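The values are calculated or read from the model by the stated rules, or taken from the named source; none is laboratory data. All figures in this text were calculated on a predicted structure; none of them were measured in a lab. Cβ coordinates were reconstructed from backbone atoms using ideal geometry, including for glycine residues, and neighbour counts include every protein chain displayed.
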Amino acid sequence: MEGERLASGSSELAVGESPRGGAPIPGGSGSCSLLQADVLDLDEDEDDLEVFSKDASLMDMNSFSPMMPTSPLSMINQVKFEDEQDLKDLFITVDAPESHVTTIETFITYRIITKTSRGEFDSSEFEVRRRYQDFLWLKGRLEEAHPTLIIPPLPEKFIVKGMVERFNDDFIETRRKALHKFLNRIADHPTLTFNEDFKVFLTAQAWELSSYKKQGPGLLSRMGQTVRAVASSMRGVRNRPDEFTEMNNFIETFSQKINLIDKISQRIYKEERDYLDEMKEYGPIHTVWSASEEDLVDTLKGIASCIDQCCKATEKRMSGLSEVLLPVVHEYVLYSEMLMGVMKRRDQIQTELDSKVEALTYRKADADLLTEEIGKLEDKVECANNALKADWERWKQKMQNDLKSAFTDTAEENIRYYEQCLATWESFLTSQTDLPLEEDSEDKI
Amino acid sequence: MEQTPPDPERPLQPAPLEPLGGPGAVLEAAGEETQGTREDTSGVDTMTGNNFWLKKIEISVSEAEKRTGRNAMNMQETYTAYLIETRSVGHADCQSVLTDSLWRRYSEFELLRNYLLVYYPHIVVPPLPEKRAEFVWHKLSADNMDPDFVERRRIGLENFLLRVASHPVLCRDKIFYLFLTQEGNWKETVNETGFQLKSEPEGIQHLDPVVRPCVPLDLSAVAHSSQRFTELKHYSDELQSVISHLLRVRARVADRLYGVYKVHGNYGRVFSEWSAFEKEMGDGLQSAGHHMDVYASSIDDILEDEEHYADQLKEYLFYAEALRAVCRKHELMQYDLETAAQDLASKKQQCEELATGTVRTFSLKGMTTKLFGQEAPEQREARVKVLEEQIGEGEQQLKSKNLESREFVKNAWADIERFKEQKNRDLKEALISYAVMQISMCKKVASPHEDAAVAAVAAGSEVHAC
């Protein structure tokens, strides 16, 4: 068996992101059509940005990135060595989207390649095809099994009013990257990585998966759970421990902030793209002008060339934005929703306990039965709380690292951009101010 | 256009210098020594001689003030007045002493310029700053009373006066001198010159290529100069078109750039708020937020500098119009010349026919003669005599028009050459200053980003320290 172990692997590895310090190769202008339901008002007088309708938010990125590894082996080169000493023994890639057309519907499947050295897997390499629905199923199962663990977020379903191009290339590519991250985050999670449903998802053939899915709790029981959840959430939890109240507050504020940052980042991307479009028209005008000015040809052409180079630098900067910052920020927007769900589920478990305890004080008749149930529920609550606490610390750490590194990378990208523009213009200026000297020396000859 | 004889209605002031080679009346610049007696407009080498204005005088438009008054229809209006100060610089000590100071409004500048256009048709007259704000982008106001617009206009008006004062021909004009020195009554003085009557009749604005006379004339020199002027006209059209395009797109670029920077300012707000509750990353976030704010506010100065650059280009956009005015004047003279020549030629022909009895050209007289019989020899002789007189006059006129035209072409080209050199210098300087602006912008902006990056790293390391 091939041992694909790494000296210090990382559960923090977010495969698919560009390695630190590297810049994605500037692509041409892809068919970027960023959709927004509302337009941010640039008025500085407004204290808050306009509410941004989530359903219509489509992350439509510049998809020209060759950084996507095509095989798990190439991921080894991208590992960031972090403090944790987990040994990575499960490598997953999501790629090769394909369109399938049936009489009823059209959908996209993605190829998932898994390489592993774990014993519980029958083989060391697997290749399967999955569609978005399957991912949804997996997520649901994980949430059921681990209601208070922080499950990684899935990219959104595509719900846009009146939009026909469900399968536009940029959208598919963005989704593919997000799905890739999703599976790898699960693989990195100390608990989730051993989940049985996860294993089946990675290894079962299409027909196997269908029949496996049917085995799960039936529709009715799932509906029952949902009803109970809604009922208990309406009652509200009374004895929430302080630490979880604190956690809840943090999550709410975090969610608000990250949503704002998401909006701002997307708006910046849009503004930069518009700026780039105008600059592309601006440069060539100087070349046109040079055709009617014999004495200013060099100067004008020089300026046109500088502007052109700055345009290229802008494109690079923008693709950096769309490769690094925007996906990370958006992922944490989804995470924040996920977290609110986790808090709810935790509260719900506690409410179950609380209501049984309450019942005990009023109905002495079933005291024994209730006591037994209460005992079980107390265990359940304690488990849930501990699981959440542990996962929470892990998540927070990761969040801070991810955001810090995303912003740092963006800032560095910006610095590079300005340095490049500076160099371009300075070299032009030197050429222009040296010129008179050249002419003088020619005269002397 | 006829040669303008000294206007009899202005007996009290020396006439402005005749531009078309007529007897030059020297401008008596009230007390100042004039250098040279005869105006020589042959070009560059007279610059130093005729720049006595700049040597001795400093002109500045130093203030702008909002005023209300009554207009021609006796209605209240608000307008801006500009303070023009003239200082004379002493020879020995180079100290400047304020000699004149008066207030003028934009419409008076326009009046001055229109006067110069009429009296110096062969000169590329410097343009005024724009009447209304054009090429406006998001943040700029299109309002004429907006303080930024007024400030830029003030600079533009000063620039106009300096250009006129440094022009070898225009600087000696009496009306210009009075503009700087005589506040009251100046408008009446200008109008008394009657220049409005001399300006082009509305009808002859655009001429088609001139019709060739049926009789060959020696217009080869004229044809050559026509070609030069045609090229010049094309050049000025191109210049105007390319500069307006450039200014339009530049305005859009400025708009977009403004948007990018200002949206970053939102980051600043969010980071600051976030730092309040995210204890571990607090300081780092606060700092990063601050730097985002610095970044966002840096765009205002950057774009203000760029606006100044745009104004420099705009001046030459308007100069293109001045060039066209000279070309148009030339066209009119050509038209006039060729009409006169044609007229003369046809008269000569008529004369010849009468003398020899052959009819080549159609004339009503000829037809009636055929129909009603030949006229008597005395009648014919009388007609021939009249024609000969007319031909004589016509030849004189043609000669003087030719002379006029040649003088015009000579003087105009001298000024055009001067203009070209000025334009090349100025534009190159402007374009280079644009590069300098870009450089300073990159430098100015890179540091907040660096600081933000450092802050973000600091934020991260605080986390690890916990």
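For this structure, a couple of remarks:
- Applying the criterion of being touching an Asp or Glu at 6+ places or on another chain (Cβ under 9 Å) and modelled with pLDDT under 80 to the residues of the stretch B:253-286, the residue that is farthest from A:Met279 (Cα to Cα) is B:Glu280.
- Per-region count, the stretch B:262-298, residues in contact (Cβ under 8 Å) with a residue 60 or more places away in the chain and hydrophobic (A, V, I, L, M, F, W, C): 5
- Answer from A:Phe121, A:Phe91, A:Phe126 - the residue that is crowded, with 18+ Cβ neighbours inside 10 Å and more than 24 Å from the chain's Cα centre (by Cα): A:Phe126
- Subset tally (residues that are in contact (Cβ under 8 Å) with a residue 40 or more places away in the chain, closer than 29 Å to A:Ile261 by Cα and within 34 Å of the chain's Cα centre (by Cα)) for the stretch B:230-261: 6
- All told, A:Glu281 meets the bar of being among the charged types (D, E, K, R) and within 11 Å of another protein chain (Cβ to nearest Cβ).
- Every test in (1) among the acidic types (Asp, Glu); (2) modelled with pLDDT under 85; (3) surrounded by fewer than 19 Cβ atoms within 10 Å (Cβ to Cβ) is passed by B:Asp301 save one, and that test is (2).
- Of all residues in the stretch B:131-150, those being at pLDDT 75 or above and either among the polar types (S, T, N, Q) or surrounded by 13 or more Cβ atoms within 10 Å (Cβ to Cβ) (or both) number 9.
- Helices (runs of 4 or more DSSP H) fully within the stretch A:93-209 counting 1 or more residues that are under 22 Å from A:Lys398 (Cβ atoms) and free of Cβ contacts under 8 Å to residues at least 60 places away in the same chain: A:132-145, A:169-188
- Top-ranked residue of the stretch B:247-302 - restricted to ones that are in contact with a Leu (Cβ under 7 Å, 6 or more places away or on another chain) and closer than 30 Å to A:Leu300 by Cβ, ranked as nearest to the other protein chains (Cβ to nearest Cβ): B:Gly259
- Scoring B:Leu239 on the criteria (1) buried (at least 19 other Cβ atoms within 10 Å of the Cβ); (2) more than 30 Å from B:Arg406 (Cβ to Cβ); (3) among the hydrophobic types (A, V, I, L, M, F, W, C) leaves a single failure, condition (2).
- Residues of the stretch B:411-428 that turn out to be away from chain A (no Cβ under 14 Å) and surrounded by fewer than 16 Cβ atoms within 10 Å (Cβ to Cβ), as a count: 0
- Any chance B:Ala459 is facing chain A (nearest Cβ under 9 Å) and at pLDDT below 90: yes
- Any hit, the stretch A:254-263, residues being more than 10 Å from chain B (Cβ to nearest Cβ), among the polar types (S, T, N, Q) and within 21 Å of A:Ala423 (Cβ to Cβ): no
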